[in-house]
Structures are given as structure tokens and as C-alpha cells.
Amino acid sequence: MAAIVVLKNPLQPHTREIYPVEAGTLVIDWLQAEYPDGFGMPIKFYMNQVEQELDDLDLPVGEDDVAVIAVMPADPSGGILTTIAINLAIAAVLAAASFALNYFFAPPTQRSGKKGEPSTIYSVSSEQNAARLGEPIPVVYGVVKTTPDYVAQPYTYYDWRQLDYNERYSGIQYLYLLLCVGQGNIDVPSIYLGDTEAGALPDDVTWRVFKPADHQKTPGVIYSAFGIYENVVTSTEVGNQEFIESGDNAGYFMCCKPGTIGTMFQIDIVFPSGAYDIDTGSNAGDTVGRTTQFTVYWVEVNDSGQSIGSENSTVITCSTKGQTAVTGGDLNSYYTPTEGPRNKTIISSPLRRSYRFNMPRAARWAVRIVRNSAAPNAKNGVDRFIWTSLKFLASIPTAKVYGDVTLLAVRVKASQGVGVDAAVRIGCNAVRRVQPSYGGAEGQSQLGVDAFADVYTNAVYGAGRPRAELDGNTLAAFRTKWSSYYFNYVFRERITVWDALRTITTPFGAEPLPVGSVMSIVADQVKTRTAIFTDANIIAGSMTFSYTFDNETDPYYVEIEYADPVDFKPVYAQYPSGDGVIPQRYALPGVTNATHAAQYARYLWNKNLYQRKKVTFDTELEGLLLLPGDRIGVAHNAVKWGDGGQILAVGGSNNRTLTVDHDLNWTGGSKQIILRATDGSISSALSCSRGTKDNIVVLAANPPFTINVDGTYDFTTFAFGSSSNLVRDFVVTAIRPSSENVVTVEAISYATGSYAGAMSYMLS
């Protein structure tokens, strides 16, 4: 994907703007169209992480290129930010070049439609195996029931080498399938035919799992181990050609398309009404076996379909009487039972045969069939047969490999227990093995943190970034917090790495968070306040508010769609319970637990109730110290949210006496103060009392850090008020450098009530 990324502040790479562009777009043309007035600051230009000269802005962006325009804002000392800072930021951007940042703590995908409608999120609902040519190989996480895709074209074979007398005559149809479960190492404890577990049909189904180490990524290994051909092609030219009279013929038909070669073909013949004669002798009326002959011809052809060799042939004898060997072009010799039957229910039942022919060399072949036997008297016998299929074992180019995938080989016997229609609906229980988030040996895991780490580090389908770039401490903390909440999901569609990471974290009320060159996770949960903003560090006139009020279109309840842990079909959880007129419906990928889904529904409902206030304000470069998800306190005299300002002087015993920049309101009971250090860190709420004047504050305890009153650098600032109106708490949702030395902060109201009844870890 060709893209141009604008990085307006290297210290905040998560604020980057990503623009997909057509391959071949000149960077200079794009800049002139999108930013005709420039950026007001110097820029640096990078193409695929390599810095370019600005004279090279006329470079085209190739199909897989990522161009980065980095704006160079000034640092507080008046210089330009260092190249080191820029390079770290570029590394973070390139780590996930296809990321597309959405708003923080976004809800899961909203689902429309009526309750009970099938969802597209859970792929097993389709129930049909398919050959998804050109589509991504599925990526399984956790424990799921999935419908594998075809690796090779399924094929059938009629076998009459069974011991059972009836089966030997009729021929039993076997279906052979080679399926791809997904990327990596996957355990498959069981498979299903339709809705029936294969274990309930022990004589009808055989199967084997081939992990990457088993198939060695090499075609042919599976045939040697399991007996399934891995590249069978069914000719599209053959389909129910009928043979009734002597001399009836069909063909030549091409075994395969031009450019394909192989060394074996198979023909399938069906006598739909059996093959028999009516005895006109001493046992008049009885049925007796009948013999039918036909000749199979084959010839080598070029890609234009012209023969380039001599014609070859073999006579096939198909008999339902006496002992008759079938030889010739077959790979083996097959025999009918010794005694000729007189049971019409046997020999008048459909008769099915497959014949395989080995060729002397790999080439393209054409086949035809001619009937030799005369038709029986219409009143005395039946032996009409149909050429139903022509299959070809194509050679596999040596360059073709399976890759790092888990394959499933299945052989299904069509019987009273299993119909062929059910046999083509193969599902399986799958358990993914991945490395833990901290590295080490692969193992079964349902933890979202492990899936997160795999997406970020996997070089085949993920970002392919070093594990060292993961925020190990944060991931370890969430590994513990989320230990009883699982992520069980199959990625089937082509999406960005960023969207995959968001899909994994959303069920936990979390988001991926790039911090410099490190990938972390930030979660919505009870948090400690990390910063305060007051009149002293909010740019005057920049603060705005918005509120969400109740109206008649508000939802009456939240409904979560999740996957049933047994059959993986959609099921639903609600909060509050009951049927309302207006639902708010969401699909929650990865969740297979009813309690988790119900708690998430409660969580979204709480957010609708408690997070209705938004604040936006401008600050200076200290805004760059914030991260999305940080809890901040806002105090501002204009809206009577406490009060705040600067400390101008300190004195008294242990510097407990503070002189502030304006008079404070001391009415209304006991007061508290929060101090903000020059590095942005804050104290807890400290008890205080009035000094000799309204602008004199006396602390009840020693200040936790040195209070700076040197105006040449920066003053220590404060927030002041009663315990119930000291600050208003918000959660940061966005940080955007808006101009030189100015950062815009957006935040939504914070309330512990948002987490009541939600996932337990949100309260810890």
C-alpha cells in the first residue's frame, strides 16, 4: 500500500496523519495540493525510513512505499528538536506503516439489523468450505470452531475393494480433502462433518493434522503419510456423457488447462441402474450378472490441444458375474466376488467404478471412451453407464511450498452415516499455539496479550517488528489482569495491523498505544491522576465544553453479539435486560463467554451514562507529556471547577507557607491543594489552611517536592478547592500539536461509576 504520513510532532507519533495514495504519486505534487501554505516550520523527508534530501521531494511513492513528512517543532530552549527524537519517531511510524488510528476507546463494531440475524464476524456461520484464491490465510487465536479453506481441489474415488459383499459390487465413494486450518502451529482436537463430530462416525472418517514440521512445507509429504493426492484437477469438459449402444463414444477431452502437466488420470464410471440380465431359462425372472466392456484411449497433446504422440488404449471389463479380473491401465488389479449374484437388490443398484492410469511421463493428456458392448434387450437387461468425471494428477512445480501453516487431510466415506453433502462441510475445533508475550516456547494460549504480541512481531502476517519494541512491563501487567478473559477469534479478511491490534484489545476496553518506538497498550479502567491543568497552564480563552443530553432517540439497552463457545454461532447479551424499543447493538469479536459479554454490555451502558462531558483546551509543550488514556484534573475559576494558579513565594517552617498569584476563596469548609512540579508530576491532595491573607496558603504537611518560584524557568502551579470541588477529572482522548509551542488536548469525563458491574480488572 502506497502511503504518505505527516508527522506533525515527532514526540507524539500516535498523532500522525496517514494518507493512502496511488502508486506513482509525486510527493511534491501531493504536498502542494494538500498543504499549499506549508507547515510554518522546517521539515524532514523520509522514504521507507531513509532520510532524503528536500530536493528529492519529486520522488514517486511506489506500491509498497511509505513516505514520511516530519515537521520539526521548536523545543523549549529555542532550538530544533534533535535528529535522535525524529529518528525514534520515524521508527515508530514505520513499525506500523499501515496503522490507521481511530478515536480512543472506541466501542466494538456496531451491528445493525434484527436480533438473531447471522453475523459476518464469525465465519463458521457460512459452514461451507471454500477455495479462497488470492485471499489471506486465516489467523487463528485462542480456541475456536472454524471452517478451513481448501488447499487443493477436493476429489472423489470409487473403491470396490471392500470386504463387504454389497459394497464390493456397488463401489463406495470416498471424498478426499486437503484443508488449511490457518497460519502457524494449531492443535486440532476434533473435526466435524456438518454438525456431527467425526468421532461419532469412526468407520466413515479418517483424518490427520499436518503442522509445519509435519508437512515440512514440501508437497508430496502428505501423500506419503496419508495417501491423499495434493494436486488433483477435475476436468471441466467431462460431465455425464452417456453410453448405451455399442460404438457410443465421447472425447477427446483435455485433462487439464494449457501449461499443466502430470503423470496420472482417473475416470469415474457410474451404472445408475446397475448391470444385470433377466434369466429366461430354468430360473426365469431371476436377475443374473452382466459384463460390459469399453475402451479408454489417451494421447499426449500440446497447449493448443493438438496430439503430439501415438494413441494408446486399454479395454476395461466391468462385470457383475463370476470372477473377473480388471487389469490394464489400472494401478492395481481388482476382482468381483467369486459367486455371481442372483440378488436383484444388489446388482440393480447403482454401480460405481474409478479407474486410474499411469502415464509414461509428465505431459498434457487427452482422453476419450468408446463403448464396445452391445446394449442388452430392453426387456431382459440393463447396463447403461455414464462417464461422470475425468481427474488429473498435475505435477507440482518445485518452487511451490505450503509455508508456515497447519493443514488438515480428511478422507470421508459416503455411507448411510455420512452423505456427500455433509462431507463438504468440514469444520474443526482449533487451538492456536503462539509464543507468550514475553517470548519463549510456543504453547496453547487464549490470552489477548499473546495474540497482540504475535500480530506485532510475526513477519508473515503481522508487523514483523522486534519483540524488544513491545512494552514488556505493561503487557505483563495486562497478562495478569486479563488472565480470566479470553480472546478466541479467526482473522479471515485482509486488514491493517493496527486494526488487528484494535480488534484484539477492544473486548478488554483497551487500545494499542505507540509511544515513541515502543508499542504498548492503554486500558479504560480506574486510574491515578497524572496531571493537572489550571488557569496557569491552560491558554486563556482556549477552553471549550460539550455535553451529551438525553433525547428520545437514546437507546433503551445495549446488546452485545458474541460467539457461542460450542458452535461459534452468534448469541447475545443485554444490559439492562428486557426488550426495549431502541437497542444499541454491537458485535464483539473474540468473546466466547457469556459473563464477559454481559459485563461489556454493562460497561458500554455505563459510558453512555457517565461520559457525557467533553473538554478541549490548548496548552504549551507540556501537553506532549500526556498520552491517550491518562487521567487528568482540570481546575478553572471561569467555570468554578476549583481554582488554580502559580506559587510566587515559599517560606515558613519547612517551606509550608505558600504565596500564590491571586486571592483564594476560603469559605465553605476545609480546603485542599494539589501541587504541580515543573516536570509535570503532581502531588496528592494536601490539606491546607488560610494564612494571614487570602493569597497565603499554609500546608498541613511538608511539600513532597521542592517548590520552584524562579520565574526565569517555570513556576510550580496548583489547584485549590474543597474536597468535592478541587478538580474535575477527565480521560485524555487526543493530543494534537496545533501550532508552534501549542498543543490541543481533548478529554472526556472520568467517573469510577463507568466501571461498576463491568470487567473486574477495570476496578483494580
Selected residue (criterion: nearest to K8 (Cα to Cα)) from residues of region 705-749 that are among the small types (G, A, S) and not in a strand (DSSP E or B): G711
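Given the options G464, G443, name the one that is closer than 30 Å to V518 by Cβ, at pLDDT 95 or above, surrounded by fewer than 17 Cβ atoms within 10 Å (Cβ to Cβ) and not acidic (D, E).
Details: G464 fails: at pLDDT 95 or above.
Testing whether each residue is closer than 30 Å to V518 by Cβ, at pLDDT 95 or above, surrounded by fewer than 17 Cβ atoms within 10 Å (Cβ to Cβ) and not acidic (D, E) leaves just G443.
Rundown of residues vs (1) within 18 Å of I538 (Cβ to Cβ); (2) within 49 Å of the chain's Cα centre (by Cα), yes/no style:
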site: K640; (1), (2): yes, yes
site: I647; (1), (2): yes, no
site: G651; (1), (2): no, no
site: D661; (1), (2): yes, no
site: A677; (1), (2): yes, yes
site: D694; (1), (2): no, no
site: D710; (1), (2): no, no
Filtered residue count, region 480-490, keeping only those that are buried (at least 20 other Cβ atoms within 10 Å of the Cβ) and not in a strand (DSSP E or B): 4
Scan of region 190-225 for residues that are surrounded by fewer than 19 Cβ atoms within 10 Å (Cβ to Cβ) and either assigned to a helix (DSSP H, G or I) or among the small types (G, A, S) (or both), ordered by number: S190, G194, G199, A200, P212, A213, D214, G220, V221, Y223, S224, A225
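Does S517 qualify as being within 29 Å of V566 (Cβ to Cβ) and among the small types (G, A, S)? Break it down stepwise before answering.
Values: within 29 Å of V566 (Cβ to Cβ): no; among the small types (G, A, S): yes.
Criteria not met by S517.
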Residue in region 491-499 that is closer than 26 Å to A573 by Cβ, part of a loop (DSSP other than H, G, I, E, B) and either assigned by TED's automatic domain parsing to the domain that holds H596 or without any contact (Cβ under 8 Å) to a residue 40 or more places away in the chain (or both) present: yes
Test: residue in region 532-544 that is without any contact (Cβ under 8 Å) to a residue 12 or more places away in the chain and assigned to a loop (DSSP other than H, G, I, E, B): yes
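Name the single residue, out of those in region 300-325 being buried (at least 18 other Cβ atoms within 10 Å of the Cβ) and of a type in the set (A, V, I, L, M), that is modelled with the highest pLDDT.
V301
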Residue pairs meeting the criteria (Cβ under 9 Å; at least 6 apart or on separate chains; first on the phi < 0 side of the Ramachandran plot and free of Cβ contacts under 8 Å to residues at least 40 places away in the same chain, in region 244-267; second surrounded by fewer than 16 Cβ atoms within 10 Å (Cβ to Cβ) and among the polar types (S, T, N, Q)): K257/T236
Of the criteria (1) assigned to a strand (DSSP E or B); (2) farther than 21 Å from L501 by Cβ, which one Y586 fails: (2)
D454 vs. criteria within 13 Å of the chain's Cα centre (by Cα), within 30 Å of N606 (Cβ to Cβ) and either of a type in the set (K, R) or not in a strand (DSSP E or B) (or both): no
Per-region count, region 392-408, residues aromatic (F, W, Y) and modelled with pLDDT of 90 or more: 1
Given (1) at pLDDT 90 or above; (2) of a type in the set (F, W, Y); (3) over 23 Å from the mean Cα position of the chain (by Cα), number of the condition Y562 does not satisfy: (3)
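The values are calculated or read from the model by the stated rules, or taken from the named source; none is laboratory data. Note that the structure is a prediction, hence the values are computed from the model and not measured. Methodologically, a virtual Cβ is constructed for each residue, glycine included, from the backbone with ideal geometry; neighbour enumeration extends over all protein chains shown.
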